[in-house]
Each structure stands twice: as C-alpha cells, then as structure tokens.
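To keep things clear, I will list the structure first and then write my remarks on it.
The values are calculated or read from the model by the stated rules, or taken from the named source; none is laboratory data. Here the structure is a predicted model, which is why all the values come from computation and not from measurement. Cβ coordinates were reconstructed from backbone atoms using ideal geometry, including for glycine residues, and neighbour counts include every protein chain displayed. Accessible surface is based on the protein model in full, side chains and every heavy atom, while ligands, DNA and RNA are left aside. Shrake-Rupley method; radii C 1.70, N 1.55, O 1.52, S 1.80 Å.
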Amino acid sequence: MAVTRAEQQLGEARALFEAMGARVVDLPALVIGPPDEWGPLDDALAELEHFHWLILSSANGVEAVQQRLRRRGGDLAHLPGSLNIAAVGRKTARQLEDLGAPADFVPPAYVADSLIEHFPVSAWGLRLLLPRVQSGGRTVLAEAFGEAGARVVEVAAYETRCPEALPSQTLLALERGHLDAITFSSGKTVSHTCQLLQRHFGSDWRQRLDSVAVISIGPQTTARCRQELGRVDAEADPHDLNGLVAACCRALSEQG
C-alpha cells in the first residue's frame with residue numbers, strides 16, 4: 001500500500017500500517033516549506049497580547065509558530081496569560097503538549113467544522129489569530145468566526161508544494177500493479193498525487209489506480225478524491241492516522 005503525506009511526516013504513518021502487517025511504499029505528496037514571506041506572521045506574533053485565541057489547525061502550523069517565536073526569544077510555552085489556544089486534531093494537540101503549551105480547547109471531532117460548532121465561548125468581539133497554510137487550505141474557520149462577530153487575522157505560516165517526482169520504488173509498484181490501497185491525508189495530497197502520476201504515466205494515469213482502494217482521512221479529502229479520482233472507497237473515523245489505518249483495513253477486508 002502507498003501512504004501519501006509530507007516526506008518528513010511519513011514515519012509515523014508507516015509505523016502504524018506496518019504494525020498491522022502492511023507492506024508500505026512511501027508516496028511523499030507534499031514538500032513543506034516557508035511561506036513566500038514571513039512578515040504577516042511575525043507582525044501578528046509581535047502583538048499576541050492583543051489576541052484572545054490562537055487557533056492552530058495542524059502540526060505544521062504549530063511548528064512554524066514555535067520557530068518564529070523562538071526567533072523573537074520566546075516560545076509557545078510562554079504566551080501572554082490572556083491568550084488561549086485551540087487545536088484541531090489529536091496530533092496538533094499532542095505537539096502542543098510536548099512543547100509545554102497544552103491547548104485550552106480541542107473539539108471532539110478532528111475537523112475544523114467541529115471547532116466552530118463546539119467553541120467554548122461566544123466569538124462576538126474576540127480577536128482570533130489563525131496561522132495556516134499559504135494556499136489550498138479551507139477558509140471556513142475565518143469565515144464562520146467572522147460571521148459570529150469575531151475579528152479574525154489569518155496569516156500564512158507555511159506552504160505545501162508538490163514534489164518533483166515519485167520515488168522509484170513507488171513507481172515500480174504502480175507499474176507492476178502491486179498496490180492494494182493508497183491513503184490520502186489532505187486534499188493537497190490528492191491533487192499532488194494526481195499531478196505526479198500524470199507527469200509520469202501520461203494521459204492514462206488513472207488506470208494505474210483502477211484496482212487500488214482509495215482511502216481518505218476526512219470529509220474534505222473525500223470530496224477532493226471524488227472530484228479528481230471519481231471515487232473513494234473508505235473514509236477514516238475518527239479523522240486521524242489511527243482512523244485511516246482502520247478504514248484501510250475495512251476496505252481491503254471488504255474487497256477480499
């Protein structure tokens with residue numbers, strides 16, 4: 001099976017799948033790097049005492065904010081006492097805990113919509129800071145909180161770009177039809193994988209996935225799978241790596 005994540009994040013997913021007995025080939029579909037400019041994020045971090053909530057929706061956002069704070073001589077563990085942290089997802093929350101900055105609120109479901117639905121206080125009049133991916137991410141958080149009366153500052157904290165090529169081992173597995181499943185952890189991993197397959201196999205690239213189960217980590221990724229691949233065979237529940245492993249096992253079991 002193939003796991004599509006950022007290259008530096010493949011290890012955890014590989015370990016979980018291998019623990020279930022799977023033979024994994026890596027399909028790094030994201031290259032994580034800095035945004036085009038750091039100015040907006042740095043300016044916002046310089047005014048943290050004027051925000052009520054810092055909302056972090058990914059581990060990449062946590063890492064980027066921590067790095068920029070350290071350049072200023074601070075870190076996430078020493079934020080202004082008036083600032084609360086909200087985290088979307090178990091991994092995001094765990095990373096904050098590891099940094100000594102446990103989240104004040106984690107929604108029950110690991111998607112942005114759950115954060116909005118279960119936010120613990122009225123958003124009216126609050127000033128919120130949302131560090132996020134530069135392009136391709138959803139704007140649902142900013143839009144929903146803005147409609148609820150919050151003043152939202154969205155800033156690019158990192159960017160995810162498409163790699164230049166697929167690993168030779170992964171290409172060989174695709175050429176020989178040795179893949180049983182492919183897992184997607186975001187909409188961008190879907191789009192970038194399609195670009196990489198088309199770049200290598202040409203116009204008939206979709207045929208390489210005809211017998212491969214398509215597994216999605218959550219609703220937005222599922223929507224992208226249906227848009228660009230025409231189908232999805234299973235969706236993780238909960239929407240995290242453990243859920244992704246379980247969904248993959250179910251799909252392959254159903255296929256025999």
Item to complete: Confirm whether E228 is acidic (D, E), modelled with pLDDT of 95 or more and open to solvent by 60 Å² or more (accessible area, probe 1.4 Å).
Response: no
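I want to confirm something. Restricting to segment 208-228 and keeping residues that are among the aliphatic types (A, V, I, L, M) and outside any helix (DSSP H, G or I), which single residue is farthest from L174 (Cα to Cα)? Let's see the steps before the verdict.
Narrowing segment 208-228 to residues among the aliphatic types (A, V, I, L, M): 209, 212-215, 217, 223.
Imposing the further condition that a residue be outside any helix (DSSP H, G or I) reduces the set to 212-215, 217.
Numbers: V212: 10, A213: 13, V214: 14, I215: 16, I217: 22 Å.
By that ranking, first place goes to I217.
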Discussion item. I want to confirm something. Restricting to segment 146-198 and keeping residues that are assigned to a helix (DSSP H, G or I) and touching a helix residue (DSSP H, G or I) at 6+ places or on another chain (Cβ under 6 Å), which single residue is nearest to A86 (Cα to Cα)?
Written reply: G187
Item to complete: Only residues that are outside any helix (DSSP H, G or I) and either of a type in the set (A, V, I, L, M, F, W, C) or open to solvent by 80 Å² or more (accessible area, probe 1.4 Å) (or both): list them for segment 240-256, please.
Response: Q255, G256
Worksheet item: Which numbered condition trips up D237, out of (1) touching a Gly at 6+ places or on another chain (Cβ under 9 Å); (2) open to solvent by 20 Å² or more (accessible area, probe 1.4 Å); (3) part of a helix (DSSP H, G or I); (4) closer than 28 Å to G89 by Cα?
Response: (3)
Worksheet item: Would you pick out the residues in segment 134-173 that are among the hydrophobic types (A, V, I, L, M, F, W, C), over 12 Å from P28 (Cα atoms) and either open to solvent by 30 Å² or more (accessible area, probe 1.4 Å) or touching a residue at least 60 places away in the same chain (Cβ under 8 Å) (or both)?
Response: V140, L141, A148, V152, V153, V155, A156, A157, L172, A173
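Tell me the helices (runs of 4 or more DSSP H) entirely within segment 27-116 that contain at least 1 residues that are under 23 Å from A13 (Cβ atoms) and of a type in the set (S, T, Y). Full working, then the answer.
Working: elements: 39-45, 59-71, 90-98.
Result: 90-98.
Scan segment 42-55 residue by residue and report those that are among the aliphatic types (A, V, I, L, M) and either more than 13 Å from R68 (Cα to Cα) or touching a strand residue (DSSP E or B) at 6+ places or on another chain (Cβ under 6 Å) (or both). So that I can check it myself, show each step before the final result.
If we filter segment 42-55 for residues that are among the aliphatic types (A, V, I, L, M), which is where we start, we get 44-46, 48, 54-55.
Once the filter is applied, which keeps residues that are among the aliphatic types (A, V, I, L, M) and either more than 13 Å from R68 (Cα to Cα) or touching a strand residue (DSSP E or B) at 6+ places or on another chain (Cβ under 6 Å) (or both), segment 42-55 yields A44, L54, I55.
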Worksheet item: Mind checking whether some residue in segment 71-92 is of a type outside the set (A, V, I, L, M), modelled with pLDDT of 95 or more and buried (at least 20 other Cβ atoms within 10 Å of the Cβ)?
Response: no
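Residue by residue, here is whether (1) at pLDDT below 90; (2) touching a strand residue (DSSP E or B) at 6+ places or on another chain (Cβ under 7 Å); (3) polar (S, T, N, Q) holds:
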position	(1), (2), (3)
Q8	yes, yes, yes
A19	no, no, no
V24	no, yes, no
L30	no, yes, no
P40	no, yes, no
Worksheet entry | Residue list for segment 120-133, filter: crowded, with 20+ Cβ neighbours inside 10 Å and either charged (D, E, K, R) or more than 10 Å from H52 (Cα to Cα) (or both) | L130, P131, R132, V133
Worksheet entry | Test: R161 is under 16 Å from the mean Cα position of the chain (by Cα) and under 30 Å from V214 (Cα atoms) | yes
Fill in: A59 buried (at least 16 other Cβ atoms within 10 Å of the Cβ), within 13 Å of the chain's Cα centre (by Cα) and either of a type in the set (A, V, I, L, M) or under 15 Å from V133 (Cα atoms) (or both)
yes
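Is it the case that some residue within segment 97-113 is more than 24 Å from G146 (Cα to Cα), open to solvent by 30 Å² or more (accessible area, probe 1.4 Å) and at pLDDT below 95? Talk me through it step by step, then tell me what you get.
Here is the first cut: in segment 97-113, the ones more than 24 Å from G146 (Cα to Cα) are 97-102.
The next check asks that each one be open to solvent by 30 Å² or more (accessible area, probe 1.4 Å); those that pass are 97-100, 102.
Going one step further and asking which of them are at pLDDT below 95, we end up with none.
For segment 97-113, residues more than 24 Å from G146 (Cα to Cα), open to solvent by 30 Å² or more (accessible area, probe 1.4 Å) and at pLDDT below 95: absent.
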